[in-house]
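The values are calculated or read from the model by the stated rules, or taken from the named source; none is laboratory data. What you see is a predicted model, and the numbers here were worked out from it, not measured in a lab. Here Cβ is always computed from backbone atoms with ideal geometry, including for glycine, and neighbour counts include all displayed protein chains.
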């Protein structure tokens, strides 16, 4: 049983192992390969390396193999497809985990579940995987063993196919945002296609596709709306600075990396002032709070620690106690 937790926390002292950096200049690589006549021999992989775990501890299911089959089908759906035209090497695949906990079976073949989606990316020069996404919501879907899960971006097949496709694009888009400023924009547009088609079908009575107001800000609609909100672009730019200009340089220049990350957090602060209480901003800090605290807890600069704590406690008061530990003597 996998723990329903995030990937390992950031610890600068535990980052000595060198790994190759992902090449995110894929267009240039593909062009060069074509010019050299190597395109035919270049190994291409799917974008996702997903693991899915389905549990049904709170419901009675006669056929125990059904859950195992559901798990296999969801995993295969995410992993066997090429979701974009970008070139990925096998070692560049995006690691993600999906935890599905069945909570109800209102009728045969229909399921209600609580779900958490996690994704990560490597930090340059280390063996450390940093969280990109940690998001929880409710799913309602129909699943019949033996019925193939097909993908169609512009037409409705079934709700579970739409949900899995939506998150495939969101996960890939967030990875792209971490390697290039606003790099995931076109991929989020594809997620929007999935959302609009599914919402028009009132799929399985699933409210996650629609704007449910303040009563439900934990659906797919709220997440994608935040990712595509022009007022929250400073957050997406901050994500690039946090990962690419901050964490990826931490081993070589830790002081510079901390300074860059603090500037990135100021961008998040500005986005929060424009959209206070945004689902996307809350999700960012749910994903990053422990890591940020560890980054600045090891800072040798007292004034930097004070500045970080003041900013973080303002924009993310829920995790105030974690940030207060930054000021502890080391």
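If residue 171 passes every condition in (1) at pLDDT 95 or above; (2) out of contact with any strand residue (DSSP E or B) (no Cβ under 7 Å at 6 or more places or on another chain); (3) buried (at least 19 other Cβ atoms within 10 Å of the Cβ) but one, which one does it miss?
Of (1) at pLDDT 95 or above; (2) out of contact with any strand residue (DSSP E or B) (no Cβ under 7 Å at 6 or more places or on another chain); (3) buried (at least 19 other Cβ atoms within 10 Å of the Cβ), only one is false for residue 171: (2).
Starting from region 135-156, keep only residues that are without any contact (Cβ under 8 Å) to a residue 12 or more places away in the chain, then list their pairs with residues that are in a loop (DSSP other than H, G, I, E, B) whose Cβ atoms are within a distance under 9 Å, requiring at least 6 positions of separation or different chains.
147/158; 150/157; 150/158
Out of all the residues in region 141-156, which are modelled with pLDDT of 90 or more and within 15 Å of residue 68 (Cα to Cα)?
Those that are modelled with pLDDT of 90 or more and within 15 Å of residue 68 (Cα to Cα): 143, 144.
Just one of the numbered conditions (1) surrounded by fewer than 23 Cβ atoms within 10 Å (Cβ to Cβ); (2) touching a helix residue (DSSP H, G or I) at 6+ places or on another chain (Cβ under 7 Å); (3) closer than 23 Å to residue 121 by Cα is not true of residue 189; which one?
Evaluating residue 189 over (1) surrounded by fewer than 23 Cβ atoms within 10 Å (Cβ to Cβ); (2) touching a helix residue (DSSP H, G or I) at 6+ places or on another chain (Cβ under 7 Å); (3) closer than 23 Å to residue 121 by Cα leaves (2) as the failure.
Residue-by-condition table, conditions (1) free of Cβ contacts under 8 Å to residues at least 40 places away in the same chain; (2) within 17 Å of the chain's Cα centre (by Cα); (3) at negative phi; (4) outside any strand (DSSP E or B):
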site: 104; (1), (2), (3), (4): no, no, yes, no
site: 125; (1), (2), (3), (4): no, no, no, yes
site: 130; (1), (2), (3), (4): no, yes, yes, no
site: 168; (1), (2), (3), (4): no, yes, yes, yes
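Restricting to region 219-276, give me the number of residues that are free of Cβ contacts under 8 Å to residues at least 12 places away in the same chain, closer than 26 Å to residue 190 by Cα and assigned to a loop (DSSP other than H, G, I, E, B).
The number of residues fulfilling the criteria is 0.
Take the conditions in a helix (DSSP H, G or I) and closer than 24 Å to residue 211 by Cβ and apply them to residue 286. Does it pass?
In short, yes.
To keep it simple, each residue is scored yes or no on (1) over 30 Å from residue 258 (Cβ atoms); (2) buried (at least 16 other Cβ atoms within 10 Å of the Cβ); (3) at pLDDT 95 or above; (4) within 15 Å of the chain's Cα centre (by Cα).
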site: 199; (1), (2), (3), (4): yes, yes, no, no
site: 206; (1), (2), (3), (4): yes, yes, no, no
site: 209; (1), (2), (3), (4): yes, yes, no, no
site: 215; (1), (2), (3), (4): yes, no, no, no
site: 218; (1), (2), (3), (4): yes, yes, no, yes
site: 224; (1), (2), (3), (4): yes, yes, yes, yes
site: 229; (1), (2), (3), (4): no, yes, yes, no
site: 241; (1), (2), (3), (4): no, yes, yes, no
site: 246; (1), (2), (3), (4): no, yes, yes, no
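Could we say that residue 314 is out of contact with any helix residue (DSSP H, G or I) (no Cβ under 6 Å at 6 or more places or on another chain), crowded, with 19+ Cβ neighbours inside 10 Å and outside any loop (DSSP other than H, G, I, E, B) here?
no
Quick one: would you say residue 164 is touching a residue at least 60 places away in the same chain (Cβ under 8 Å), crowded, with 21+ Cβ neighbours inside 10 Å, under 17 Å from residue 75 (Cβ atoms) and out of contact with any strand residue (DSSP E or B) (no Cβ under 7 Å at 6 or more places or on another chain)?
yes
Being within 22 Å of the chain's Cα centre (by Cα) and surrounded by fewer than 22 Cβ atoms within 10 Å (Cβ to Cβ), is that true of even one residue in region 294-303? It would help to see each step written out before you state the result.
Initially, region 294-303 is screened for residues within 22 Å of the chain's Cα centre (by Cα), giving 294-295.
Those left that are additionally surrounded by fewer than 22 Cβ atoms within 10 Å (Cβ to Cβ): 294.
Scanning region 294-303 turns up at least one residue that is within 22 Å of the chain's Cα centre (by Cα) and surrounded by fewer than 22 Cβ atoms within 10 Å (Cβ to Cβ).
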